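Novice: Here it is, the structure in full.
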Amino acid sequence: ILNVEQSPQSLHVQEGDSTNFTCSFPSSNFYALHWYRWETAKSPEALFVMTLNGDEKKKGRISATLNTKEGYSYLYIKGSQPEDSATYLCASHNAGNMLTFGGGTRLMVKP
Amino acid sequence: EPEVTQTPSHQVTQMGQEVILRCVPISNHLYFYWYRQILGQKVEFLVSFYNNEISEKSEIFDDQFSVERPDGSNFTLKIRSTKLEDSAMYFCASSENRAPLPNEQFFGPGTRLTVL
């Protein structure tokens, strides 16, 4: 059974703060690491799919890095805004086509 | 932008009843998935489906579950005799590719199933 862990579970920041969260995943049989942004009552929105060790991806103020050798990924948000408030999920794709999800990091940005 | 849709958004049923959860995947996608999240727990994989057959399933996906693509657009999850522990948010997803290509999976908004 694969274990994907995310930390912290929840995070409260002030508007304008930069923040980051961690996802750890099994490095064996690794295909890809997925990050999703999920707001309540909406579909989880795909942010990044990362495959290569050392990968860095960026979308606006959000960026992510990947270390497949040690099995971790960081998600960074620069200058957090209230609209960034959501749960951020990572999911590891190690074999087959199934994704194994972490527990998520719930981010709340106070204006 | 194309999206995965799911109906209903919320389903309430009595224990022992059958339920069918419906999904319309993105039209040019070939690979379909069901996941679920029990309240307070992680999102868990149930099943993947390709070319009209199950390609993988988890231990959760026992004989009370079945999936079907009854026509060119819908993808359904049936639970034959619901139990209290089936109460969860059920997510459908679809992807264009599968492993070893990165299979970016696009998720629907979920159906919240409540079993009483």
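Novice: So, in the stretch B:62-110, of the ones that are more than 10 Å from chain A (Cβ to nearest Cβ) and touching a Pro at 6+ places or on another chain (Cβ under 6 Å), which residue ends up farthest from residue A:94 (Cα to Cα)?
Specialist: Filtering the stretch B:62-110 for residues more than 10 Å from chain A (Cβ to nearest Cβ) gives B:62-90, B:94, B:96.
Retained after the next criterion (residues that are touching a Pro at 6+ places or on another chain (Cβ under 6 Å)): B:75, B:94.
Details: B:75: 25, B:94: 18 Å.
Among them, the one singled out is B:75.
Novice: Which of (1) exposed (fewer than 14 other Cβ atoms within 10 Å of the Cβ); (2) away from chain B (no Cβ under 13 Å) does residue A:75 not meet, given it meets every other one?
Specialist: (1)
Novice: Right, here's the next one. With the structure loaded, tell me whether residue A:3 is farther than 30 Å from residue A:110 by Cα and surrounded by 15 or more Cβ atoms within 10 Å (Cβ to Cβ) or whether it fails that test. Let's see the steps before the verdict.
Specialist: Values: farther than 30 Å from residue A:110 by Cα: yes; surrounded by 15 or more Cβ atoms within 10 Å (Cβ to Cβ): no.
Answer is no for this residue.
Novice: Can you give me the ranges of the strands (runs of 3 or more DSSP E) entirely in the stretch B:1-43 with at least 1 residues that are more than 12 Å from chain A (Cβ to nearest Cβ) and either in contact with a strand residue (DSSP E or B) (Cβ under 9 Å, 6 or more places away or on another chain) or under 13 Å from residue A:43 (Cα atoms) (or both)? Before you say what the answer is, go through the steps one by one.
Specialist: Values: elements: B:5-7, B:10-13, B:19-24, B:31-37.
Here the list reads B:5-7, B:10-13, B:19-24.
Novice: Take residue A:80 and tell me if it is polar (S, T, N, Q), crowded, with 16+ Cβ neighbours inside 10 Å and assigned to a strand (DSSP E or B). Can you show your working first?
Specialist: On the way: polar (S, T, N, Q): yes; crowded, with 16+ Cβ neighbours inside 10 Å: yes; assigned to a strand (DSSP E or B): no.
The answer is no for residue A:80.
Each value in this text was obtained by applying a stated rule to the coordinates, not by laboratory testing. From a predicted model like this one, the values you see are computed outputs, not experimental measurements. Cβ sites come from the backbone with ideal geometry, for glycine too, and all protein chains shown count toward neighbours.
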